[in-house]
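Structure record follows, encoded as structure tokens.
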Amino acid sequence: MAATNKEFRKRSARPPRVVWLPALVVALAMLMPLAYLVIRSLDSGWVEFFETVLDGGTLAVLANSIVLAAIVTSAAVAIAVPLAWLTARTDLPGRKTWAILAALPLVIPSYVGGFVLVSTLGPRGSLQGALEPLGVERLPEIYGLPGAAFALVLFTYPYVFLTTRAALRGLDPALEYASRSLGRGSWPTFFSVTLPQLRPAIVAGALLVALYTLADFGVVSLLQYDSFSRAIYLQYRSAFDRTPAAILALMLVALTAVILIIEARTRGRARYFQTSGAVRTPRPTPLGKWKIPALAFCGGIVSLGLFIPAGILVFWLVRGVSSGEPLRIVWGAAWSSVSVSAMAAAAAALAALPVAILAVRFPGRASGLVERLTYVGYALPGIVLALALVFFGANYAPWAYQTTGILVLAYVIHFLPQAVGATRSALLQIRPSVEEAAQSLGRSPLNVIATITAPLAQRGIFAGAALVFLTTMKELPATLLLSPIGFTTLATSVWNATSEAFFARAAAPALLLIIVSAVPMYFLVIREREK
Amino acid sequence: MRSIKLLMAMAMLVALAAFTAACGGTEEGGGGNGGGGDGGNGASEESAMEESMAEESGMEEEAASSGEAESLTVYSGRSAELIGPVIDQFIEESGMEVQVRYGDTAELAATILEEGENSPADIYFAQDAGALGAVAQEDLLTELPEEVLSPVEDRFNSPDGEWVGISGRARVVSYNTEALTEEELPDSILDFTDPEWEGRIGWAPTNGSLQAFVTALRITEGEDGAREWLEGIQANNPTVYEDNTTTLEATAAGEVDVGFVNHYYLFRALDEQGEGFGARNYYPRDGDVGALINVAGAGILQTSDNVEEAEQFLGYMVGEDAQQYFADETFEYPLVEGVETSDELVPLSEIETPEIDLSNLDDLEGTLELMEETGVL
């Protein structure tokens, strides 16, 4: 056989150029924010650098962030895995609908979600108002760690839900049947057979949750939790000082590196390929008497994460319209949001494929590093990433600065790991022998990727693209600073109104954002049904 | 085969992005549309796309050679909801093209600093003086001519003439109308350190307006007086909020009895939520720091190629029409004499602001340090 045939096969083999070259380009793009941060951090010299890093207050907020990330991640997994299983593997009534609804809290921007939560569950929020006749004067404080953690769990668990559910549906139930036929009950089978196979997907989702939590600013500022990202924003907002902000952001990158190392340990080395070519559709597990509690569980989570926020938005809209506020449906902004998010999703899916192939098929130091690098942009608060691209764009590529192109690039750098994680999980379920067979029949590496790898991994690729689409829809800092001038998206419309307390005007674009985002979510679920 | 189609489709989308980027590139040079002002309703970007597609390049040279159809680029930290209409008025009257990038005041300041020499902006319109100071400190703002500065009282302009104050907002105490009447409120904001206010105060220490207030306090009451006040408020366990809006909402809901905010948020809340809104403004009667005036202002960037047009823009903003707009529509204080304000506002002439330069970053730094030391931040 020709040398190229071996290229795809063994871990010692060199990856083909169609894989490593694009992966290298992606890695270089990912280094941009890092380079910017290093340049800015050293603006005032090493002394200030170390003073900032070793400051007691800085370390305390860093600890706060770690605590928050740990709590949010564990709680998100605890909620999302049962939800994924219920909607993928049981006879839960309306499980397709539940699946869409349960994924939707992801599209609620944290600056909207946090605000709604405060106005609902605050000490004198609407819930207290409803309970007032019962003599409830005040609800317990939600500000601080409990409130911030609660809000973040609600708006991030869908990461774990989506990756886990995708993995469950790609899983061959043969092993589970074997376990059952050997006399194991359904619970032991779940824990000893199903769960280990889901581990890569759960860990991939959990990683996104942890890093999202570190980078988020909206929730922690509204719910008054003194986290690291808040400290970064305060440097820009109060002191107008970019140097300490950059130093803090570099520390966040370092923390991300630690989390990635932990993730690498947790992820496990095992590969779970399908044993046969075709995935059998598993028989749904009957819930029996658990049907009602299961419905209550799904309903409770979906109410908190979706129905209540959407309900409050409707309330704002109605209240505003009834006191004479004109109803403005922002179709133009909706179209901008959708088109730019679609571009970002497609570009991210394309960029993720070589990175994921490299990581799964050619494991090693270099490929591991490239894959980990994609997480840097994700763990950075949006404003930091946006300023990095402002710096490079304005000074080194003025022709591209503040164009759709650089905006899409910013989105890809920011959200790529979502696509990489999903693609990677899907590739793990494909046996390399299929690709090897095609190679041995003389197909070129590109041809193998296009005709074998991508189609087999398409569920993961689409899931990844959908995640990027949905998070791009609500992205704010990069959109404000890098879009072509005058470009308005749903997210910027919402922000424009809420930043000046025009709740009624914010409600229409916010609701439209949720509705428009539900469409790709719907297709994601429908696609699965075809299989 | 299906997957090849899939990859093709993705590639085409990416190509589309690149193409749009190329168009945007030419647009950035000087073309574009004049509809930036109505950014709030999303119509502008469509016309921007169409126009840039239709006109392609060539616009730039045309504009430069004929001297017509000049286009101004404004970075605005003030929201489209607030200043979009007045910018549209300017476009209509001047026939000039104005493009506006809306964003957070501080983030836009950081953006201008990163852009440096290559900033496409002509004008920086900021929510507060501190941000203007940050940009001026790096020598990025030009000195404004007398005719732009003179309509506005000196105390509301940059001492070096690098930015002009455009509208003002007063610091007030918002109070929950169910819990309190105006008579029960103390004469001075300094009295809220009394233990009777334990657990009843809401504030937003991370907000620029409150920080400006603390700066003013350091000047009128001295460093120790300011420290005492911060410690006294802190001892009363105030509830911390994100900004003026959330503080006011919490006051109205009765989460806290009083909140330290800017005056004009109330009028918007009344507009949207009706007279039943549960909070009202109280202007501390001592007339000094409690009622500090903060300004929103604007300056022209050193890198601007359209200084004359930019000056015209700023001149319009401190002119009668625009000032009347701020008085009537955003419920702010006009900074030019002779413009009528709403009856509900305490007249500007009755509010004595201490002699401070709100754009002085050294002062701001001192304030942030003090707030950190007292555990407020």
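General remarks:
- Cα gyration tensor, region B:210-368 - rounded (a/c under 1.5), prolate or oblate: oblate
- Across peptide A:230-236, the mean count of Cβ atoms from other chains lying within 10 Å of each residue's own Cβ comes to 3.
- For peptide A:488-499, the mean count of partner chain Cβ atoms within 10 Å of a residue's Cβ comes to 5.
- Magnitude of the charge dipole, the protein assembly as shown, Cβ model with Lys/Arg +1 and Asp/Glu -1, debye to 20: 10980
- Pairs of Lys in the protein assembly as shown closer than 22 Å at Cα, counting only those 8 or more apart or on different chains: 4
- Partner shielding of A:342-348 amounts to 5, given as the average count of beta-carbon atoms from other chains within 10 Å of each residue beta-carbon.
- For region A:52-116 versus region A:305-382, the spacing of their alpha-carbon centroids is 15 Å.
- Exposure proxy shown here: for A:Met343, A:Met32, B:Met317, the number of other Cβ atoms within 10 Å sets the order, fewest to most, as A:Met32, A:Met343, B:Met317.
- Whether region B:225-297 is rounded, prolate or oblate, judged on the alpha carbon gyration tensor where a/c under 1.5 counts as rounded: oblate
- Relative contact order for region B:224-377, counting Cα pairs under 8 Å that sit 6 or more residues apart, in percent: 23
- Put simply, when B:335-347, A:352-364 are sorted by average Cβ atoms within 10 angstrom per residue, most first, you get A:352-364, B:335-347.
Coordinate-derived values only; no laboratory data. Keep in mind the model is a prediction, meaning the values are calculated, not measured. Cβ: placed from backbone, ideal geometry, glycine included. Neighbour counts: every protein chain shown.
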